[in-house]
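The values are calculated or read from the model by the stated rules, or taken from the named source; none is laboratory data. All figures in this text were calculated on a predicted structure; none of them were measured in a lab. For neighbour counting, all protein chains shown are included, and Cβ atoms are generated from backbone atoms with ideal geometry for every residue, glycine included.
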Amino acid sequence: MKWIRNKEDRTETLGSDRARERERAGRSSFTSRSERTPATLCALMACGLKDELLCSICLSIYQDPVSFGCEHYFCRKCITEHWNRQDHSSRDCPECRRTFRDPLLSPSLKLSNIVERYSAFPLDAILQAQRNSFPCKDHDKVKLFCLNDKCLVCFFCDEPALHEQHHVTNIEESFEEIQRELKDQYEVLQDSERGHVKALQLLKRQLSETKSSAKSLRATIAEAFDRLHRFLKEKQKSMLEELETDTARTLNDIEQKIQRYSHQLREVQEGMQILQEKLVEADKLIFLEGINTTLERLKGKIHETNLTYEDFPTSKYMGPLQYTIWKSLFQDIQPVPAALTLDPITAHQRLILSDDCTIVAYGNLHPQPLQDSPKRFDVEVSVLGSDGFDGGVHYWEVMVSEKTQWMIGVALESVNRKGSIQIQPSRGFYCIVMHDGNQYSACTEPWTRLNVKSKLEKVGVYFDYDKSLLTFYNADDMSWLYTFREKFTGKFFPYFSPGQSHANGKNVQPLRINTVRI
């Protein structure tokens with residue numbers, strides 16, 4: 001630290017070369033020559049070196065040392081300020097009192113280099129390094145350590161500029177400091193090890209669970225398609241058998257008619273021949289005498305055609321065959337889209353329900369004068385379904401086309417329905433939401449953004465209570481949206497919120513429960 005002194009104090013402290021020599025001699029006399037070890041000698045040298053590098057004006061290490069003819073050195077700033085306080089006719093040296101008329105300040109590059117080297121390697125580090133005696137391999141001298149560069153440094157060999165403004169200290173302190181750093185890093189690595197072990201355990205468990213789930217899903221998919229295949233094969237067999245029955249009955253009827261009409265044709269032809277023979281008789285008496293015999297022979301020879309033909313039922317098999325099969329197949333699908341209805345007792349006063357309670361919309365008019373109930377939502381514009389589920393498999397679909405805001409899912413029967421509500425699993429709500437016009441999220445904590453490629457028109461909700469699955473689909477193509485996996489306990493009700501509509505006409509369309517009728 002530089003000392004700032006007034007003019008009187010500075011004048012008193014300016015000593016001669018002889019006083020400085022006595023001071024150095026006093027320092028060097030604190031130990032006998034026989035007691036001077038190499039470390040002690042080096043310490044004395046370091047102390048002496050520091051004395052030689054002190055400006056006699058500011059008593060600090062030289063800053064930009066200069067001389068002006070008497071071989072004494074001062075900081076350029078110090079000697080300049082000293083002369084500024086003197087008479088401008090002459091300049092003197094604070095050390096030897098020699099005067100100069102117009103002195104020229106000459107910089108000392110060599111002394112500047114010595115000061116730079118000394119400043120880069122502090123004295124206390126040098127002294128401690130001497131006590132520990134770690135020699136340089138090239139010089140039997142002092143060894144230091146740079147904590148910034150993490151390398152050993154020789155006071156005499158290395159360039160000070162390489163470690164300027166660095167933390168350079170002795171080996172002992174460096175050893176302790178590096179040990180502390182390594183111990184800290186070791187603790188960090190231990191934490192990392194524990195984290196990795198835990199992560200690997202989790203991943204291995206997930207690996208096992210994924211393999212098990214994949215195996216179970218393969219069996220489920222195979223069972224579902226086998227069931228469909230069996231149904232289709234049975235339906236195919238039944239339709240073919242029915243076709244064969246219809247074909248045999250029709251063919252038998254046609255063959256019987258062919259036989260009957262063939263026999264009748266022969267009789268008609270015989271009658272025609274009898275009449276032709278009678279008609280060629282020219283004698284009127286003979287013609288008339290045998291007419292009774294002729295008429296008797298014609299009995300049973302005349303038949304009316306009156307053919308009735310029953311068309312083969314081709315339309316039964318060539319009509320919308322796939323649709324016919326689908327309608328039959330639909331009876332075997334479990335679950336089918338449920339015909340849900342909404343519970344008016346739970347509906348917010350702003351919500352308007354259709355007469356059949358399958359459509360809900362937000363009303364911009366004043367709230368309806370509905371009786372308050374513990375079951376009714378009073379802040380959130382929400383409504384629950386009429387039927388709740390505490391087991392089984394359920395599926396329903398909701399039309400959401402043209403809307404810019406909505407929320408769909410399930411809610412626990414015991415959820416809070418008063419005041420502002422956080423729609424999240426910890427509160428008993430498991431939902432997905434459309435927000436900001438074109439964004440979709442699952443209402444997790446925090447929300448999970450859904451990857452929806454095109455605007456949803458119809459949302460399917462699949463709720464397998466016993467298997468702890470709640471899955472949302474794009475009901476148009478049954479593409480997956482999101483799945484909640486939760487151990488459901490208690491009774492759950494379908495949850496609907498059409499969101500608030502706006503005066504500009506946005507989000508005025510209702511939510512509509514899609515009921516599939518066969």
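Quick look at the numbers
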item: Matching residues, the stretch 412-449, being in contact (Cβ under 8 Å) with a residue 12 or more places away in the chain, part of a strand (DSSP E or B) and not hydrophobic (A, V, I, L, M, F, W, C); result: TYR430, HIS435, TYR440, THR448
item: Meets criteria (assigned by TED's automatic domain parsing to the domain that holds ARG350, over 22 Å from the mean Cα position of the chain (by Cα) and within 21 Å of GLN509 (Cβ to Cβ)) for LYS418; result: no
item: Test: residue in the stretch 106-117 that is at pLDDT below 85, closer than 30 Å to HIS82 by Cα and assigned to a loop (DSSP other than H, G, I, E, B); result: no
item: Meets criteria (among the polar types (S, T, N, Q), over 18 Å from the mean Cα position of the chain (by Cα) and over 18 Å from ASP378 (Cα atoms)) for SER441; result: no
item: Any hit, the stretch 479-498, residues being loosely packed, with under 13 Cβ neighbours inside 10 Å and in contact with a helix residue (DSSP H, G or I) (Cβ under 8 Å, 6 or more places away or on another chain); result: yes
item: Residue check, LYS458 in contact with a strand residue (DSSP E or B) (Cβ under 6 Å, 6 or more places away or on another chain), touching a residue at least 60 places away in the same chain (Cβ under 8 Å), surrounded by 15 or more Cβ atoms within 10 Å (Cβ to Cβ) and of a type in the set (Lys, Arg); result: yes
item: Single condition LYS237 does not satisfy, out of (1) within 30 Å of LEU469 (Cβ to Cβ); (2) modelled with pLDDT of 90 or more; result: (1)
